[in-house]
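Undergrad: Below you will find the structure I want to go over with you.
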Amino acid sequence: MLALQTLYYEDLAPGLSETLTKTVSSSDVIGFAEVSGDRNPIHLSEHFAARTPFRTRIAHGLYTASLISAVLGTRLPGPGAIYLSQTLNFRAPVRIGDEVTVTVTVSELMEKGNRARLDCRCAVGDTVVLEGEAVVKVPSRAEQEAGDPRA
């Protein structure tokens, strides 16, 4: 698990990035199915999945995307960040046992509303499995010091 790190809007700069690496386990996929209600057998049944083009169980696409959320909520920018939008382009499947590397990089800062645009990329080895862009509201130091509950 990632240790918490709080970055304020003033701490961010284009090019700043954070990475998380996670090996996808069967229990992760089963737990995500329970939480989300998505019980598609391609995720849960080896017998069913063997008859698909993937030949084996695959992780939910939104499970992989949730790893992006883990980076945003814990490291970049961290606690207090508010998700405003996220695009997701799924490029390849993630299988049980795959090691997913998530990289989030600041691509643009927007002063109005203390917003940051972030490039998001998930890869298994050299294969990009998911890419997209997030926009988040980031607390400023002044908001935090003033005790603004919205910060």
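The values are calculated or read from the model by the stated rules, or taken from the named source; none is laboratory data. These numbers were taken from a predicted model, which means no experiment stands behind them. Note: ideal-geometry Cβ built from the backbone for every residue, glycine included; neighbour counts use all protein chains shown. To get the accessible areas, we keep the full protein, side chains included, count just its heavy atoms, and leave off ligands, DNA and RNA. Shrake-Rupley method; radii C 1.70, N 1.55, O 1.52, S 1.80 Å.
Undergrad: Would you kindly derive the ³J(HN,Hα) couplings of region 98-107 from the backbone phi angles with the Karplus curve 6.51 cos²θ - 1.76 cosθ + 1.60 (θ = phi - 60°), listing them in order in whole Hz, with x for Gly and Pro?
TA: Using θ = phi - 60°, the values come out as 5, 9, 9, 10, 9, 10, 10, 10, 5, 10 Hz.
Undergrad: Compute the helix-to-body angle for 61-74: its Cα long axis versus the longest principal axis of the chain, expressed 0 to 90° and rounded to tens.
TA: 30 degrees
Undergrad: Contour minus end-to-end for L2 and N40, with contour as 0.36 nm per residue of separation and end-to-end as the Cα-Cα distance?
TA: Once the chain is fully extended between L2 and N40, it gains 10.8 nm.
Undergrad: Along the charge dipole of the chain, Cβ charges K/R +1 and D/E -1, which of H47, M110, L88 sits furthest on the positive end?
TA: H47
Undergrad: Also: Where the only charges are on Cβ atoms (+1 Lys, Arg; -1 Asp, Glu), what is the dipole of the chain about its Cα centre, to the nearest 20 debye?
TA: Working: 15 positive and 18 negative charges, 95 e Å.
In debye, rounded to 20, the chain gives about 460.
Undergrad: Remind me, relative contact order of the chain in percent, using alpha carbon pairs under 8 angstrom and six or more residues apart?
TA: 29 percent
Undergrad: Okay, next question. With a probe of 1.4 Å, find how much accessible area the chain has per residue, and write the answer as a whole number in Å².
TA: Per residue, the chain has 53 Å² of solvent-accessible surface.
Undergrad: When the accessible area of the chain is split by element with a 1.4 Å probe, what percent falls to carbon and sulfur?
TA: Solvent-exposed carbon and sulfur of the chain make up 52 percent of the total.
Undergrad: Among (i) 15.6, 49; (ii) 15.2, 43; (iii) 17.1, 58, only one was calculated for this model; which label is it, if the read-out is Rg and Dmax of the Cα atoms in Å?
TA: Label (iii) holds the value from this structure.
Undergrad: Given the options G15, S25, A123, identify the residue whose Cα lies farthest towards the positive end of the charge dipole of region 1-140 (+1 on Cβ of Lys, Arg; -1 on Cβ of Asp, Glu).
TA: S25
Undergrad: By how many degrees, 0 to 90 and rounded to 10, does the Cα axis of helix 26-36 deviate from the longest principal axis of the chain?
TA: Helix 26-36 sits at roughly 70 degrees to that axis.
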